[in-house]
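The structure appears right after this line, and notes come after that.
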Amino acid sequence: MSFLISVAWSALGLAVMFAVLSVVVLSMVWLERKALGRLQLRYGPTRTGKFGLLQPVADAIKLIVKEDIIPNDSEKAIFWVAPVIVVVSAFVIWVTIPGGDSVVIKHLPLGLFYIIAFAVIGILGLVLAGWGSANKYGIMGGLRSAAQLISYEIPVVLVAAAVAILAQSLDMREIVAAQSAYPYLVVLPLGLVIFFIAGLAEVGRTPFDIYHAESEVVGGPFVEYSGAHWSVFFLAEYINTFAIAALTALLFLGGWGGPALPDVVWFLFKTYAVVLVVFWVRGTFPRLRIDQLMAFAWKVMVPLSFYTVIIAAVYRFYDLPWWSLTILSLAGLAAAGWIIYRRMTAPARRVIQIQERLAAQRGAAPSPRT
Amino acid sequence: MSTQPDTLPDIQADRADAQPVEMLLNMGPQHPSTHGVFRMVLWVDGEKVVDVEPHIGYLHRGSEKLCEGEQYHQIVTLFDRMDYIGNFNNELAYCMAVEKLMGLEVPERAEYIRVILCELNRVASHLLYVGTMGLDAGAMTPVMFSFRGRERVQALFEAVSGARMMHNYFRIGGLKEDVPDNFRELMDELMPILREDVEQSDRILTFNEIFLSRLKDVSPITANEAIAFGLTGPMLRACGYEYDVRKAQPYSVYDRFDFEVPVGLDGDCWDRHWVRVQEMYQSLRIVEQAMEQLPDGPVASPLGRRLIRPPAGEAYVRAENPRGEIGVYLVSDGTDKPYRLKVRPPSFCNLSALRRLLVDTWLADSVVVLGSLDIVLGEVDR
C-alpha cells in the first residue's frame, strides 16, 4: 500500500513538473522574443493578448495542428524515437533539480552526478535525428552536434566537480547550503565563466548554434522535422537552456538563498536573470566556425577547467583562506581572458596598422587623381 | 606575376576521382543563404569544401533579348529589374549609353540629381549587404539596424520617383520630372539620420571579435588574380588595387566631387566588408557636396521626350555600380528599337571567381564567401 502511495505521489510530481516546465518554456519563448525585439529596434509580438503574452500559446497550437511530415526515405523508427530521446533527457534531469529547499520531486544525495549523466543522453537523440532523416544537412548537423556537445561536456563536468570539491558534496541541497555565507561566484569566478560558456555550447545557443546553424545547415538535425515533432525539439532546447541557467544559479549564484523573499522566488529570479543574459548574447554575437569552436574547447576551455579543479582541490587540501581561491581563480581568468583577447583581436590590430600605413602613405604623397 | 589564376581541376559534378569520404551537398536554389535562387553543388570532405560547381539561370528572363523588342524609353524598366538593389545606378548606365550614342547633352540639374540618387542607392545597397553579411555569419541583429537606414533611403526614393524599388525615373536626356518641392527639406532631414544609421551598422558588426575571426583571412585573393578573373568594384578594391570608374574615367559630374576610394589590403572577406562600409561614408560625402552644388534649371532635354531614333552605330559606357563595374554595349541600326544590347553585369563577373575562392575553405565559409561577393541574382541571370 505504501508502495502504491509513493508511486501515486511520484506520478503527481511528474505531472506537476511537466506542467510547470511547459509554462516555463512558454514564458521563455515570450521573453526571448520580447528581449530580442528590444535589442533589435522592434517590439516583438504585440497582437496576441496583452504585450503579446499569448503568442507562445498561439505558436504551440499552430505547431501541434500542423501536418507532421515524415520523409519517405527516412529511417522511420529512428526518426520517431530521436525527438523522444531528446525530450526525455531534457525532462528527466528536472526530477532532481531543486527549485527551493523542499521544492524538488525526488531528492538524491548524488543529484549533481545524476544531472550531468542524464544531460549527455540528449546528444544521442540529435545524432539519431540527423541520421534518421536521410538528409545531408541533417547528417552534417548531427555530426556537428556530436563533436560540439561531447567537447563541451568535459568543461561542464570538470567545473561541476570543482564545485562539488568546494562543497564537499554532490547533493544539490548541500551545495546551496554551503553557499549561505558567500556564493561561489565570489570564490570561483573562473568556474562561473567556464560553466556559462560551456553551457551555452551544450544547449547550442549563439555563438555556438553551429549544429543547427540556420544560414549553413538550415536547421541541421531538425531540417526534416515539422509540426509536433519539431515542437518537441524546440521544447527540449528551451528546457535545456533553462536547466543550464538553473544550474548556473544553483552552483554559483547561491541557489535559492536570499533575504526576505521565499526561496522559490529567489531561485526563479536568479535563473531568469541568467536566461536573459543568454538571450542578450544571442542578440549580440555572430556564430563561430566549427574549427574555431573545437579549438576553443580543447585549447582554452578544457585546460582552464582542469586548472579550476586543481585550485579547488589545493584550496580544500591545505585549508587556505577563501580569498586565496578568489585570487587564484581571478588570475586564471585574467590570464585566459588576456590570451583570448590577444588572439581574437589580432586581426583587428593588424587591420588598424594597415589602415594607419595607408593613411600615412596618402598623407605623404596624395594620389594625383584625388 | 602571372595574369592567369592558379589552375584548378576541371569542373564536373560526377567526379571520377572522388574519394569515398567525399559527399555531394546541394546548396540551393532553396537555401536561406544563397541570396536568391543561386545553386551551389558542393563536394565536401567532412567540413571542408573540396570542389564547387555553381549553377545559375534560375532567374533568367532574357532581359537583353527583351530589350531588342522595346523602344528606347521602355528599356529603363528592364534595367530596373536587373540589379534590383541598385536600380538607379542601372538606369543611369543605360541612359548614359543612349545619350552617348545620340550625343545628347543632359541638363546640369538632372546630372546632379542623378548622382545624388545613385549615391544614396549605393548606400542603401551596401546597407543591405551589411545586414545579410551579418545573417550569413550568424548574427541576427545587424540586419535590423541596417534595414532601418535602407528603409529611410527608400522612403526618399518613393517621395522622388513614386516607387520604393523599381523607380523608372531616369530618362534618356534627363529625368522623368523634377524632384518634389520639399526635396531639400527631405534631404536635410535624411542625411544626419542616415549617417547615424550607417555608423551604427558599422559599429555593431565590423570590429566584432567573432565576426573578425570568421571573415579575416578567409579566401584571400591577390590583385593580379582578381584582375584576371575580371573582378571589379569592392571585390577588386579589397585587394588593394585602387580602381573606381568614378575616378578612373569620371562620368556624369563625378569629377566635381571630392571623395576617396577606400581600398583593402589582403583581399579577404573582411577587407571586402570593410571597403563596402567605408564606401558608404564616401557616398554620403558625395551626396552632401552634390546637395550644396545642386543648380536650378530644367531636368530633361527636350529631345529626350520624343520617340528616339539614335543614329546607326554603337556605344559602350561603363559606370560604377554598388557591386562593381557595369558595362552597357548598345548597337543601333537607326530604328526606334536597339539592334543589340549587351550588359556586362558586375555580379556575374564577380561570381566567376567563386570556385577559386571556395575550394579548400570550410563549409561554413562558403556561405560567408558567397555573402562577401554580394551578388544579386537578377543581375547574374538577367
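FYI, it's all coordinate maths here, none of it is from the lab. Bear in mind the structure is a predicted one, so any value in this text is a computation, not a measurement. Backbone-built Cβ (ideal geometry, glycine too); neighbour counts: all protein chains shown.
Note on B:ARG285 and B:GLN30: the model spin-label points, each 7 Å out from Cα along the C-beta direction, lie 4.7 nm apart.
Here the residues B:HIS55, B:HIS60, B:HIS31, ranked from fewest to most Cβ neighbours within 10 Å of their Cβ, fall in the order B:HIS60, B:HIS55, B:HIS31.
When the Kirkwood hydrodynamic radius is evaluated over all pairs of different C-alpha atoms of the stretch A:167-311, what value in angstrom, to one decimal, is obtained? Mind showing how you got there, number by number?
On the way: mean 1/r = 0.0597 Å⁻¹.
Answer for the stretch A:167-311: a Kirkwood hydrodynamic radius of 16.7 Å.
Structure remark: mean-square fluctuation, Gaussian network model of chain A, C-alpha springs under 10 Å; the largest value among A:ARG205, A:ARG349, A:ARG33 belongs to A:ARG349.
Taking only the C-alpha atoms of the protein assembly as shown, the Rg (one decimal) and the largest Cα-Cα distance, Dmax (whole number), read 30.0, 105 Å. Translational diffusion of the stretch A:71-357, estimated by Stokes-Einstein from the Kirkwood radius over alpha carbon pairs at 25 °C in a medium of 0.890 mPa s, is 123 µm² per second. Counts of other chain beta carbons within 10 angstrom of each beta carbon in peptide B:268-279 average 1.
Separation of the stretch B:232-269 and the stretch A:160-196, taken as the distance between their Cα centroids, equals 58 angstrom.
Stokes-Einstein diffusion coefficient for chain B at 10 °C in a medium of 1.306 mPa s, Rh from the Kirkwood formula over Cα pairs: what value in µm²/s?
Numbers: Rh = 21.4 Å.
Reported coefficient: 74 µm²/s.
Which of the peptides A:38-47, A:65-74 is most tightly packed, and how do the rest follow, going by the mean number of other Cβ atoms within 10 Å of each residue?
Values: A:38-47: 14.3, A:65-74: 12.7.
Put in order of decreasing packing, that is A:38-47, A:65-74.
Diffusion of the stretch A:71-133 by Stokes-Einstein, at 37 °C in a medium of 0.692 mPa s and with Rh set to the Kirkwood radius over alpha-carbon pairs, works out to 255 µm²/s.
With the simple model of a label 7 Å out from the Cα in the direction of the Cβ, B:MET166 to B:TYR339 spans 3.1 nm. Candidate cross-link partners of B:LYS342 among the lysines, defined by an alpha-carbon separation under 21 Å and a same-chain spacing of 8 or more, comprise B:LYS65, B:LYS100. From its DSSP helices (H runs of at least four residues, each -39,500 (n - 2.57)), chain B gives a residue-normalised ellipticity at 222 nm of -14000 deg cm²/dmol.
Amide H to amide H, which residues 5 or more places from B:ALA300 or on other chains are under 5 Å from it, using H placed in the peptide plane? Residues meeting the criterion, in which the H sits 1.01 Å from N, are B:LEU175. Taking every full run of DSSP H in chain A, the ones that stretch at least 27 Å from end to end by Cα along their long axis and average -1.0 or higher on the Kyte-Doolittle scale are A:2-39, A:136-167, A:227-252, A:263-284, A:322-364.
For chain A, a Gaussian network of Cα nodes joined below 10 Å ranks A:LEU200, A:LEU188, A:LEU333 by mean-square fluctuation, and the top entry is A:LEU333. Inter-chain Cβ neighbour count for B:358-365, averaged per residue, equals 4 (cutoff 10 Å, partner chain atoms only). Rounded to the nearest 0.05, what FRET efficiency is calculated for A:ARG349 and B:VAL331 with R0 set to 56 Å and r the Cβ-Cβ distance? The value I calculate is 0.60.
Ordering A:PHE317, A:PHE252, A:PHE18 from the fewest to the most neighbouring beta carbons within 10 Å gives A:PHE317, A:PHE18, A:PHE252. Given a Förster radius of 30 Å and the C-beta distance between A:ILE61 and B:LYS176 as r, what FRET efficiency does 1/(1 + (r/R0)^6) yield to the nearest 0.05? Rounded to the nearest 0.05, the efficiency is 0.05.
Taking max minus min of the alpha-carbon positions on each principal axis, the stretch A:205-267 gives extents of 49, 26, 13 Å, largest first.
Full extension from A:LEU276 to A:LEU54: what is 0.36 nm times the residue separation minus their Cα-Cα distance, to one decimal in nm? Walk me through the intermediate numbers first.
Working: separation 222, 0.36 × 222 = 79.92 nm, distance 1.97 nm.
Extending this stretch completely gives an extra 78.0 nm.
Highest mobility in the GNM of chain A, judged by mean-square fluctuation with C-alpha springs under 10 Å and restricted to A:ALA146, A:ALA335, A:ALA313, is found for A:ALA335. Placing +1 on the Cβ of every Lys and Arg and -1 on the Cβ of every Asp and Glu, with nothing else charged, gives the stretch B:63-381 a dipole about its Cα centre of roughly 720 debye.
Quote the FRET efficiency, to the nearest 0.05, computed for A:ALA228 versus A:LEU110 with a Förster distance R0 of 30 Å and r equal to the Cβ-Cβ distance. Mind dumping the intermediate values first?
Numbers: r = 35 Å, r/R0 = 1.15.
With a Förster radius of 30 Å, E is 0.30.
Give me log10 I(q)/I(0) at q = 0.20, 0.22 Å⁻¹ for the stretch B:175-234, Debye formula, one equal scatterer per alpha-carbon, no solvent. Result of the Debye calculation: -0.87, -0.92.
What Kirkwood hydrodynamic radius, in Å, does the stretch A:20-93 give when the mean of 1/r is taken over all pairs of distinct Cα atoms and then inverted?
Working: mean 1/r = 0.0681 Å⁻¹.
Final number for the Kirkwood radius of the stretch A:20-93 is 14.7 Å.
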